[in-house]
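The next block holds one structure in the form of structure tokens; read it before the comments.
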Protein chains: 4
Amino acid sequence: MLVVMKTDANEEQVQAVIQEIEKMGYRAVPMPGAQRTAVCIIGNEGPVEDSRLLSMDGVKETIRVTRQYKLVSRETRLDSTLITVGDIKIGVGKPVIMAGPCAVESEDQAINIARHVKEHGATIFRGGAFKPRTSPYSFQGLGEKGLKIMDKVRRETGLYIVTEATDSENLKIVEQYADIIQIGARNMQNYSLLKLAGHVSKPVLLKRSFAATIDELLMAAEYIMSEGNTQIILCERGIRTFADNTRNTLDLSAIPAIKEASHLPIIVDPSHAAGKREYVIPLSKGAIAVGADGLLVEVHNEPSQALSDGPQSLYPHQFKELMKVIGQIR
Amino acid sequence: MLVVMKTDANEEQVQAVIQEIEKMGYRAVPMPGAQRTAVCIIGNEGPVEDSRLLSMDGVKETIRVTRQYKLVSRETRLDSTLITVGDIKIGVGKPVIMAGPCAVESEDQAINIARHVKEHGATIFRGGAFKPRTSPYSFQGLGEKGLKIMDKVRRETGLYIVTEATDSENLKIVEQYADIIQIGARNMQNYSLLKLAGHVSKPVLLKRSFAATIDELLMAAEYIMSEGNTQIILCERGIRTFADNTRNTLDLSAIPAIKEASHLPIIVDPSHAAGKREYVIPLSKGAIAVGADGLLVEVHNEPSQALSDGPQSLYPHQFKELMKVIGQIR
Amino acid sequence: MLVVMKTDANEEQVQAVIQEIEKMGYRAVPMPGAQRTAVCIIGNEGPVEDSRLLSMDGVKETIRVTRQYKLVSRETRLDSTLITVGDIKIGVGKPVIMAGPCAVESEDQAINIARHVKEHGATIFRGGAFKPRTSPYSFQGLGEKGLKIMDKVRRETGLYIVTEATDSENLKIVEQYADIIQIGARNMQNYSLLKLAGHVSKPVLLKRSFAATIDELLMAAEYIMSEGNTQIILCERGIRTFADNTRNTLDLSAIPAIKEASHLPIIVDPSHAAGKREYVIPLSKGAIAVGADGLLVEVHNEPSQALSDGPQSLYPHQFKELMKVIGQIR
Amino acid sequence: MLVVMKTDANEEQVQAVIQEIEKMGYRAVPMPGAQRTAVCIIGNEGPVEDSRLLSMDGVKETIRVTRQYKLVSRETRLDSTLITVGDIKIGVGKPVIMAGPCAVESEDQAINIARHVKEHGATIFRGGAFKPRTSPYSFQGLGEKGLKIMDKVRRETGLYIVTEATDSENLKIVEQYADIIQIGARNMQNYSLLKLAGHVSKPVLLKRSFAATIDELLMAAEYIMSEGNTQIILCERGIRTFADNTRNTLDLSAIPAIKEASHLPIIVDPSHAAGKREYVIPLSKGAIAVGADGLLVEVHNEPSQALSDGPQSLYPHQFKELMKVIGQIR
């Protein structure tokens, strides 16, 4: 349930409402907005008796939240959430481009790619240090060494860093180095990790599992937000279907569906969905046209030598082409 | 196998090659192109002994066709196929917009909608007369009466007509009235109907089954083309997946995949994929951005009263908005 | 809606109810049962005003049918339908085994296989004469010649014949030769063919499309039954999923689901689902254990030479093993 | 690569081979078997130069392992793995029945259910203490208190305990109380957790993700085994498809597929697949018929009051019926 405050309600009245809710045995989460402040009640099972709340000073009305998720729902917060990373804003206006290699392999490689993608318009560098791999015998990433390289990338290029954490231990390390912490598709329902991500001081990039519905993705985001971290960027990266023309089927209808259901920004990773670099440019154009707030794209200086995901990594000149192509929209 | 003729090969030399192929017990299909003429050999099982062919006058080389489909493959024909319907060309340049109601319900309704969609840029009117419905108790379309109404729509508005045939009997009738004959998703593997569609004198709009891979769609097109009809427009309309945010998951990666594999034009039906009108405009924009040659969109003067598929039909003012939005691309 | 007659209602009273329903503009289909006779109302949109019917002699009550399908629903007919083919009964008790090659290739082959499967317990011979094939260049079956061979198989072995019809023309021919007419998975939503199958004098074996829900399968059966043919056997043959260990994923939960929803018998085709002969025996055992009324199994005298579906055809000795294995259940 | 030792090779010769492999920079894992001992080489990328190994005393031959997974592959170990839990053996002969509530809710409930399932043939008690739930607001289990209750269940009934661990922290606690540690479907690709499970002293029950292929499941098991723990039981629990008659589609073809590819035992959880208790008994019967080594079944004393998964939990009398039904097989 949402307790909507009057436009002129003051801070004291909001605090009184919060205390009343906690007295009832629930948790209260204030949701400030441009037009109004509201207080979201969570932790209740079944309906909440709201007559006492309605009679309090400054309370305008109560609204039942119809979805399973509450804090991430647009019912609870009408304004779209804007994520700020340094001087970049994600969620409004110009799409944000995050680009870089699947895995950081060496300092030379990383800085080389970073300079190129920055030159052509990327503002965030993506690179894997802790890689979740299907086989225990595949390259698992450089670990903290990879993070130190990305730290250098940031200092040398001014790009911000997004990189993945896969468990409670490396989350602590990643938090020190990254500007945005990625939770990967395979960990989308790793609830222990989601809860920890709810306590970090950085924005979280939460990728949709290739087997998750939109509601399940939003429930995963709710896990993070219910622990306190409101800075969440969602990411569509393809779902598993019978279709074999791509590795996963990019579900671009997820963009309007999420915009309707939630106030969180949503970006698209065309590289992992396609699994083939040939489709990354048209799918990127499609993603921006459908309304995505940004892209997460794999670029490698020498894809044929890449230690992981070479077939889907763009050549540098293709990234330049991609930036030109998406510039033709809007 | 493809027998590629020299640039300066004459008609007599092509005919000699055809006769030689037929003498070998195969079928020969000439594939004229801008750069070269080629002759495609079909009906062989296993490799073809080509030494005799290679020694003939005017023959440049032979190329093994690696895909299961041959005539529809871009290996066989490098130039994109252009479909001509009156003064409209489908497959190159400006996207073609086909719009109208799911089912033709009355003359008033049809002409009313037709005028509106024409005014805002549609050039082809879509409307169902023979409707394949999941339930035998649902409205099955007006049949030939619906076709006569669409005939009137054409005369009054100048729009061309696309409408569906579902069996051998109504195919004959539809052929008389339609400018483009639609084979629906449920009939994509109705091989008897596909073969008959290979003998009609009109272009065929072949929709991808919601359970078909790209290869299966192209094999279905091969059924039509191997019977003689080369005028085929493909249509992506969503595939069946676990995702429940839309009725079907629109697979926009099918557009670059088909452009790579085949010379046939491919359009997108966002309405049936979405199942909700709210997503039709963003998905249309995405489809055009990805490179689709056109759209097939449901528009109804009064969606809440529609006899079928009301929830996904655009209101007239939304169609106007859609045309504006897709105009922002390219 | 279902009008349930009293136990002692006479034929005249039933006829009066039918006439009254037709006067209301609907169709009336009597559903005789062991315990009671009922009359099903079809063709209505929305609720039926039943006060007049309730006041008629012999009427016990009216029941709203909650599912989209009516005649095939167990709500409408409590007793399980029993299909009789000669001296065989399908739908109660002992599972019925239908076995034979994917395609009839020659008289020798067919009789050879038929004798073997009969010896080990099959009572129905399956063989394709009109084959729906993904490629127009694959072997399409022997056509009527294949049917004549199967006619001979029946005379020589006493096995009954099940074979597929794929369009209105070959349906007429198949009807003359077959004891059971198969509608294949690809034609499950070929409504024109389903309607024609509603008028044949033989039982219909309706295979679930690899992309159909249970409700859609039952709606397809409803198309047949609403045209008059009540002799329908359903068949589960695997659905299309992401899993790649088999060609299709055999959905054995469909058996209890269909038994609950419908009064029609349901058999299982493990061969097409598996796509590999190694899995046919365990899946057959599973199918019978789950409650299937029979099996449709591919057997070939020389699978490596089969013109179609060799990899999934059992060797003769494997069929013998299969019969032994399923004998261990119940 | 697998280095197969001669039947009469002695321990010294095996050790020499191991040292030689380690000298080459790889890891060596001995795989003792009934017929032969072999040493599996892991950690190589690309082919291994084996001439030196072939010339060593006691070495019979080397075999290339063709699958991505090695230690769990039947290529590497011909004999089926037998898991021993107290006096129970899993993987050979009589199916093992694990039964109990989705979540342990109280001591009374747990002991009550445990006594009932033991009386009717279960040997292992299943119960959740750390529950991964889609919503952060759902009941998350009793945690360690639940484990203590299960400890009491073991002491009072003699049943062994299987329960789930979801992260590195609760894994340590679960290891102290459980006889078998479950890794749930959502964590099947939580590689950090899998690696830790490779170091516990108890057998691991690894559930197939509802979105995983068989190969991905076996790669997950390889993660555990490559860390040292060879005691792994696999579990099929349904995959996500478009079919809506059950919550997930139980893929019983996974049983023969896994038996062919791996030496590990495989059991079936019909409850989570079905999502409806009505289908649990037929699916259990099907699972045993197909060759599963056991069942994991939800049973609750009062399903309508269950804090989670009530709709799929069997009533006590239904569990008795299930045990009777599966007794009819084999």
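The values are calculated or read from the model by the stated rules, or taken from the named source; none is laboratory data. As the structure is a prediction and not an experimental result, all values here were calculated from the model. All Cβ positions, even for glycine, are placed from backbone atoms using ideal geometry, and neighbour counts span all protein chains on display. The protein model used for the area step is the full one, side chains on, heavy atoms only, and it has no ligands, DNA or RNA in it. Shrake-Rupley method; radii C 1.70, N 1.55, O 1.52, S 1.80 Å.
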Practice task
Compare A:D87, A:D215, A:D151 by solvent-accessible area with a 1.4 Å probe and give them largest first, with all protein chains kept in place.
Solution key: A:D87, A:D215, A:D151
Practice task
Report the charge-dipole magnitude of chain D in Debye, nearest 20, computed about the Cα centre from +1 at each Lys and Arg Cβ and -1 at each Asp and Glu Cβ.
Solution key: 620
Fill in the blank from the handout: For A:I232, the residues 5 or more places away or on another chain with a placed amide H closer than 5 Å to its own amide H are A:V204
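Per residue of C:135-146, how many C-beta atoms from partner chains lie within 10 Å of its own C-beta, taken as a mean? Let's see the in-between values first.
Details: counts 10, 18, 12, 3, 1, 1, 0, 0, 0, 0, 0, 0.
Taking all residues of C:135-146 together, the mean is 4.
Just the number, please: carbon plus sulfur as a percent of the accessible area of segment C:83-329, 1.4 Å probe, no ligands or DNA/RNA counted. Let's see the in-between values first.
Details: 3410 of 7260 Å².
Solvent-exposed carbon and sulfur of segment C:83-329 make up 47 percent of the total.
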Fill in the blank from the handout: In this structure, the FRET efficiency calculated for D:L54 and D:S168 from their beta-carbon separation, with R0 = 35 Å, to the nearest 0.05, is 0.25
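What net charge is computed for the residues neighbouring B:E20, neighbours being all others with C-beta under 14 Å from the C-beta of B:E20, Lys and Arg scored +1, Asp and Glu -1? Display every interim value, and only then the final one.
Numbers: positive: B:K23, B:R27, B:R52; negative: B:E12, B:E22, B:E49, B:D50, B:D57.
Combined, the nearby Lys, Arg, Asp and Glu give -2.
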Problem - Those aspartates and glutamates that a straight Cα-Cα span of less than 18 Å connects to B:K320, excepting residues fewer than 8 apart in one chain - result: B:E119, B:D269, B:E278, B:E298, B:E302
Practice task
Normalising by the residue count of chain B, find the relative contact order in percent from Cα pairs under 8 Å and 6+ residues apart.
Solution key: 15
Exercise for the section: Any aspartates and glutamates with Cα under 17 Å of the C:K60 Cα? List them, leaving off those in the same chain fewer than 8 positions away. Expected result: C:D8, C:E11, C:E12, C:E20, C:E49, C:D50, C:E75
Fill in the blank from the handout: Net charge near B:K60 (other residues with Cβ under 12 Å of its Cβ; Lys, Arg +1; Asp, Glu -1) is -1
Exercise for the section: Count, for each residue of A:251-263, the Cβ atoms from other chains sitting within 10 Å of its Cβ, then give me the mean as a whole number. Expected result: 6
Practice task
Just tell me which aspartates and glutamates come within less than 19 Å, Cα to Cα, of C:K148; anything on the same chain fewer than 8 places away is out.
Solution key: C:E105, C:E107, C:D108, C:E156, C:E164, C:D167, C:E169, C:E175, C:D179
Practice task
Could you tell me which of the pairs B:K202/C:K145; C:K172/C:K259; B:K131/B:K202; A:K172/D:K195 are separated by over 26 angstrom between their Cα atoms in the structure shown?
Solution key: B:K202/C:K145; C:K172/C:K259
Exercise for the section: Of the options B:P256, B:I97, B:Q176, report the single residue whose Cα projects farthest towards the positive end of the charge dipole of chain B (beta-carbon charges: Lys, Arg +1; Asp, Glu -1). Expected result: B:I97
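In Å², and per residue, what accessible area does chain D have when probed at 1.4 Å with the other protein chains present?
On the way: 11920 Å² over 330 residues.
That works out to 36 Å² for each residue.
Could you please report the charge total around C:G275, scoring K, R as +1 and D, E as -1 over all other residues with beta-carbon less than 13 angstrom from its beta-carbon? Let's see the in-between values first.
Working: positive: C:R237, C:R240, C:R247, C:K276, C:R277; negative: C:D244, C:D269, C:E278, C:E298, C:D309.
Result for the neighbourhood of C:G275: 0.
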Handout entry: Percentage relative contact order, segment B:2-63, counting C-alpha pairs under 8 Å, at least six apart
Key = 49
Handout entry: Peptides ranked, highest mean first, by Cβ atoms within 10 Å: ranges C:21-27, B:253-259
Key = B:253-259, C:21-27
Problem - Whole-angstrom gap from segment B:20-83 to segment A:67-138, using each part's C-alpha centre - result: 48
Exercise for the section: Please give the peptides D:5-12, A:195-202 ranked by average Cβ packing (other Cβ atoms within 10 Å per residue), highest first, as a rough proxy for protection. Expected result: A:195-202, D:5-12
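Counting only C-alpha contacts under 8 Å and six or more residues apart, can you give the relative contact order of segment A:182-327 as a whole percent?
Working: 273 pairs, mean separation 24.8, N = 146.
It comes to 17 percent, rounded to a whole number.
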Handout entry: Across the identical copies, how the D:E302 labels are spaced - nm, sorted shortest first, 7 Å along Cα→Cβ
Key = 5.5, 6.9, 7.0
Handout entry: Two-site label geometry, C:H317 and C:A34: point separation in nm, points 7 Å out along Cα→Cβ
Key = 4.4
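Can you pull the mean other chain C-beta count within 10 Å for peptide A:166-175? Could the numbers behind the result be given before it?
Values: counts 4, 8, 4, 2, 1, 0, 0, 0, 0, 0.
So the per-residue partner count for this stretch is 2.
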Completion exercise
Between B:L295 and residues 5 or more places away or on another chain, the pairs with built amide H atoms under 5 Å apart involve B:V96, B:I97, B:M98, B:V268
Fill in the blank from the handout: Any residue on another chain or 5+ positions along whose placed amide H is under 5 Å from the amide H of B:V59 is listed here as B:K6
Handout entry: Minimum Cβ-to-axis distance in chain A for the rotation onto chain C, with residue, whole Å
Key = A:F242, 3
Exercise for the section: Identify the residues of segment C:258-297 with backbone N under 13 Å of a label point that sits 7 angstrom from the Cα of D:E278 along the Cα-to-Cβ direction, or state none. Expected result: C:258-263
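In Å² (nearest 100), what accessible area is buried between C and D, both sides summed, heavy protein atoms only, 1.4 Å probe?
Values: alone 14600 and 14610 Å², together 26650 Å².
Buried area (both sides, nearest 100 Å²): 2600 Å².
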